[in-house]
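Here's the structure we're looking at; comments come further down.
Derivation of every value follows stated rules applied to the coordinates shown; laboratory data play no part. Everything quoted here is computed from the prediction, not taken from an experiment. As a convention, Cβ positions derive from the backbone with ideal geometry for all residues, glycine included, and neighbour counts pool all protein chains shown.
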Amino acid sequence: MQFMLLFSRQGKLRLQKWYVPLSDKEKKKITRELVQTVLARKPKMCSFLEWRDLKIVYKRYASLYFCCAIEDQDNELITLEIIHRYVELLDKYFGSVCELDIIFNFEKAYFILDEFLLGGEVQETSKKNVLKAIEQADLLQEVILRSVLRSLNV
Amino acid sequence: AGGRSGRSLTPWPGQQEKLIQQELTSLKATVSAPTTTLRLMKECMVRLIYCEMLGYESSFGYIHAIKLAQQGNLLEKRVGYLAVSLFLHENHELLLLLVNTVVKDLQSTNLVEVCMALTVVSQIFPREMIPAVLPLIEDKLQHSKEIIRRKAVQALYKFYLIAPNQVQHIHDKFRKALCDRDAGVMAASLHIYLQMIKENSSGYKDLTGSFVTILKQVVGGKLPIDFNYHSVPAPWLQIQLLRILGLLGKDDPRTSELMYDVLDESLRRAEINHNITYAILFECVQTIYTIYPKSELLEKAAKCIGKFVLSPKINLKYLGLKALTYVIQQDPNLALQHQMTIIECLDHPDPIIKRETLELLYRITNGQNVIVIVQKMLDYLKESKEEYAIINLVGKIAELWFIQTMNAVFSVGGDVVHPDIPNNFLRLLAEGFDDRKEDDQLRMYAVQSYLALLEEEDALYPQKFLQVMSWVLGEYSSLVTDVDPEVILTKLHSLLKKTVITSETKMWIMAAVTKIASHASCSKIVDKLIQEFSNSLDTCMRQYAFELKHLCEDKALMRNLLPFDGSCNDMVVDASLSFLDGFVAEGLGRGAAPYKPHHQRQEEKLSQEKALNFEPYGLSFVSSVSSSGVTGRQSPTGLSFGSDTSGNSAETGHKETNTLKLEGVRRLWGKEGYLPKKENKVGKENEPQTVSCGSLLAGQMGDPPALRSDQVASLSEEDKEKQQLASTLFIGLGSNAGVSLMGKADTATQKFKRKSKINETQSSEEASDFQDTSLCSSDIVEDNLAFETPQSLKKSGPDDRLPDIRLSQSSLFADSNIEIFQPSRNAQSESASKTPLVPCLSEELEELTHSEVVELCQSDALALYLCKVWTDDSLLLIVFVSNKTTSALNAVNLVFEEAEHFQILESTTYQFPVIEAQNVERCQKRVWMDKICTQGILSGSVNYQSEMETRLEFSITLSLVDFIRPMEMTTEDFGKLWLSLSNDVKQNIKMSSSQDSLSATLSTLQQKLKLHIVDIIGNEGILACQLLPSVPCLLHCRTHSGMLALWFRSPCSALPDGLLYQCQKVMEES
């Protein structure tokens, strides 16, 4: 996978992850063009796009578009499932996720993504394991927080 | 869990520029203030990431992100690492500052810290610093936690991508990872293997067995349940393995052999109707078409592609087209099968589907359909706005249309085409357009198309065309890198030796040889050629051979003289011939007469003769000039194409015929470009001249679909149009080269051939009885459908069923004027005491639910009919064998082949000791479904002793539904059983408006699938059924807002999926 973008129906970027080195200018250009192209598509149309020399796989969940760029020989359908699994993960973590969850906690969304996809490849397909890894880290944070608070109280 | 650290970002309603700039300024101040705590810094980083995402410059914070990763506690470190991975790219200089932190964290005893470090390394790491962390990461491969091992493998994968030689020495460890006890680690190692095999597949052939075993285990459900995704075992892993196998098996029969079984199994297992299984199927199909082919698998894969193409889901349809595009070269017939779908896709509202269809058509373009396809492409272009697509498509159009059309022009026009045409064509090709890459592509396409044409043995092309070919080959063949110049030279050499080649064409060919020889180092063919023609009787050829010989001796001069693609460079011609001045002066010195211009000589001559001259001088003047070209220096090096007289200078004799015949020549090019209209008429006249290149004649064939037009007649106007289009598009495709408009039409013709043969032996009066059947078209369609879906539960008495069969038979031939064989009435009445020739069920079976009697197959002597009877304990297959001959047949054997999914109770064979003339015997077999599949084929054969051993094969399609029976039970029993069952599958199906009531839906399911309705309570219903002999499956249905929620449970895991598929089918149909 070359990159993943999340953007809203209004075209606002919500999350971006690039797995190929590109200049900021290039990234901005790609994002702008792609958001435009995808938003212009009608709902009943195919979830795949040929765009430049890439394949774009996108899917809309409520008000958010999830959009992945893959290479020509990659499997489009499994990419759709990657998106779906990511949404499932977000959903499980946030408890029926909505766009606001991602705006307010976008660093969490990144953590989950990094635990699921690493360097553009699927790292862990077991939902349980991904969330375990995230929660482990979260838990440690809370332990630290608590100890910090305790030390403040004393 | 999950703090809300970003909450304060909300007061940016419209993300107004000003607010963000303010925010950035304050962030800038905060991050650089020495008093800022790490905790505050973490907050700043989150905000900064957000700003950067919105497109604002935030590089001032990069260094602080690194610091945060370095100094922060876990909580802060995590954000620091994240910010680094989002802000920086691989080659960013600041990244070097991160290395120490990573090294420290890799050595930490805290697992979370190690994980963070590995995660960041797998995303970005400076290539030159790999040695600093490599040993630490290698150590992690032995770590006791699988998450660490997995991330370590992932990090090594990243290293392999950016610096493969740095990890060269740890290939053994990759193998160890591949054998890791944790499937996640193993899966991660596959990324590395896929990459390595992509680069060098031959180095990893020895691992094929391991990959096959792994895939087998995955497919067989041996992995922990955690890896299941929507009840499909580890789909990502499966796809990765399939891709690896494809690469390993490519062009390698022995390696491919190892994987046939597992591929077959994968195809079989992936039968459930869910996107994820389609993903696996698609990959499987691609692998099957990539590896060394096996016909059985190809057949299954083709069927799969069919499923995709015909799917109503647009994504699957798209992939179906993509798969077709991929396999089209291997199997053009597959496109023929789906031509109607392809036509529909051409007018699809989604431009992506259209584009993929055009891509598909591009691959099957040939001389015969080029016009239609190019037209379609142009239509698409007019609508398209995307620049990239336009560039891509325009290139294709140019290639296809230009070269192919010109090929047709030259082949058809032959030697009578006006010399301007080839000259202009070559000029266009040479001068090109603005885009260098495009031009080269066009030229390459031309070279390839000519090489293909020359490939055909004994093909005879017009001289002009050969000249064009040799010029293009000479100029541009070096663009095509995958063809050995020797091969081209061999072709040209063999052309030179043909007697039909005129000496002018030979000049062109020699010029091409010289040009090719100038880029090749040394060539045996060229040496041979020089030797052969150095003593040729043809002086021109001899001259050429000598020139070539000398040039070959001085390669530098040769390259200088014949630069690559130098045809457009302007050559400075010394028109005053000043280099001859010395020669002239010398001649004059020796007393030679000074040169007088032509007109001066003529004037002198006139004044001498003092007589009237009636001849039009101008004319003779012109002809003398052009003929002087023959002997002059204008030897056709082929480089000169601009002027029309020099091009064909060798044949002044022909010139007259050229000008004379011009009117009869097709005008293919006009001011507006191509003139397609007139061509039919003229093309036909020209056809016989160029029989050898028939395939090129393309558009001239006029009306290829005429043959079948009578069959089409019965279809609706719109369909007719589409079929017309199909026949023009798919012409010349596939082995039969004919156009089969529909699969059905084809079989029909076959049948009628067979029948008409029988007809000869039958008395013709009997048969005419049914000839007047005037059936409308819809009947045909319906009957065909009836043939295909034998499971339609129709109970009909023996009386009305009989003519039913006859009608459906005759209707197939309603449009042809062929008399149809029918089991005669006379014969029936004669043999009334015996079993009639047309099969019918015995009384006791007639009572049971059963299908119609359908014909399985037939030969001259035998006809087989089948009837399915759904008894309570099995599927009863009644096979009728009818003896159509006038003598008894002895020892007729019916044998069913072993089928994987089905079990035939009792024996699989049956012998009829004797079947009397004009008589029908029947046998019955009870069948169970052994392994669950939605649909399977049971095949078998009949053989009997006549003068020679005769064998007739047949196959029967059995569906899961054939083996489902209602299961009666009380609501309490249902409840108990429900709780005891473990395998469940849930799915929501959209209900159409016609089936909005639950009871209506359930009764459809009851009817079509033979489910038993146990109870209906409000908007919920429970149903039960069993798979023979006695595997129960329970179904719970609930309707809510137009959706039907289905919930299956069964002790058998595959049964719910199979039934779900059937339910979906039923719901879609109704």
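The H on the amide N of B:Val1014, modeled in the peptide plane, is under 5 Å from the matching H of B:Ile1022, B:Leu1023, B:Ala1024, each at least 5 residues off or on a different chain. According to the Kirkwood relation over distinct C-alpha pairs, the hydrodynamic radius of the range B:862-907 is 12.9 Å. Entry note, chain A: the mean residue ellipticity at 222 nm calculated from DSSP H runs of n ≥ 4, each adding -39500 (n - 2.57), is -17000 deg cm²/dmol after division by the residues and rounding to the nearest 500. Scanning residues 5 or more positions from B:Phe902 or on other chains, those with amide H under 5 Å from its amide H are B:Asp930, B:Lys931, with H placed 1.01 Å from N in the peptide plane.
Could you line up B:Tyr56, B:Tyr50 from fewest to most neighbouring Cβ atoms inside 10 Å?
Numbers: B:Tyr56 14, B:Tyr50 21.
Arranged by neighbour count, lowest to highest, B:Tyr56, B:Tyr50 become B:Tyr56, B:Tyr50.
Report the residues of the range B:968-1007 in range of a label on B:Arg1038: point 7 Å along Cα→C-beta, backbone N strictly under 13 Å from it. Of the residues in the range B:968-1007, B:986-988 have backbone N under 13 Å from the label point off B:Arg1038.
The dipole here belongs to the range B:974-1064: it is taken about the Cα centre, uses +1 on the Cβ of Lys and Arg and -1 on the Cβ of Asp and Glu, and is about 80 debye. Rounded to the nearest 0.05, the FRET efficiency derived from the C-beta distance between B:Tyr326 and B:Leu848 at R0 = 56 Å is 0.75.
Taking the Cα centre of the range B:962-1011 as origin and charging only Cβ (+1 Lys, Arg; -1 Asp, Glu), how large is the dipole, in debye to the nearest 20? Present the calculation step by step, with values, prior to reporting the outcome.
On the way: 6 positive and 6 negative charges, 36 e Å.
The calculation lands at about 180 debye.
Counting only other chain Cβ atoms within 10 Å of each residue's Cβ, the peptide A:105-112 averages 6. Placing R0 at 25 angstrom, the Cβ-Cβ distance between B:Asp252 and B:Thr213 gives a FRET efficiency of 0.85 after rounding to 0.05.
Each residue of the range B:1034-1047 is assigned a 3J(HN,Hα), and the resulting list reads 10, 10, 10, 10, 9, 9, 7, 6, x, 10, 10, 8, 9, 9 Hz, derived from the Karplus form 6.51 cos²θ - 1.76 cosθ + 1.60 (θ = phi - 60°), x at Gly and Pro.
List residues of the range B:881-922, by number, whose backbone nitrogen lies under 14 Å from a label position 7 Å along Cα→C-beta of B:Ser941. Counting only backbone N, you get B:893-898.
Convex hull volume per residue, computed on the Cα atoms of the range B:961-1050, equals 89 Å³.
Between B:Leu428 and B:Ser32, the modelled label-to-label distance comes to 6.4 nm, taking each label 7 Å out from Cα in the direction of the beta carbon. Among residues other than B:Ile148 with Cβ under 13 Å from its Cβ, the summed charge is -3 (Lys and Arg +1, Asp and Glu -1). Given R0 = 56 Å, the distance between the Cβ atoms of B:Gln195 and A:Ser96 translates into a calculated FRET efficiency of 0.90.
Peptides B:325-337, A:46-58, B:467-479 ranked from most to least packed give B:467-479, A:46-58, B:325-337, packing being the mean of other C-beta atoms within 10 angstrom over each peptide's residues.
For the range B:467-557, a/c is not less than 1.5, where a ≥ b ≥ c are the root eigenvalues of the C-alpha gyration tensor, and a/b does not top b/c. That puts it in the oblate class.
Annotation: amide H of B:Val232 has no partner in the under-5 Å range at sequence separation 5 or more or interchain, hydrogens built in the peptide plane. Rounded if a/c is under 1.5, else prolate if a/b is larger than b/c, else oblate: which is the range B:449-517, with a ≥ b ≥ c the root eigenvalues of its Cα gyration tensor? It is prolate, given that a/c is not under 1.5 and a/b is the larger ratio. In order along the range B:933-938, the Karplus-derived 3J(HN,Hα) couplings, from 6.51 cos²θ - 1.76 cosθ + 1.60 at θ = phi - 60°, round to 8, 6, 7, x, 10, 10 Hz, and Gly and Pro are given as x. Taking a Cβ cut-off of under 12 Å around B:Leu106, the surrounding Lys, Arg, Asp and Glu residues balance to a net charge of -1, with basic ones at +1 and acidic ones at -1.
Need one word for the range B:303-364: rounded, prolate or oblate. Basis is the Cα gyration tensor (sqrt eigenvalues a ≥ b ≥ c); a/c below 1.5 gives rounded, then a/b vs b/c decides.
Details: a/c = 1.66, a/b = 1.22, b/c = 1.36.
Oblate is the answer for the range B:303-364, as a/c is 1.5 or above yet b/c matches or exceeds a/b.
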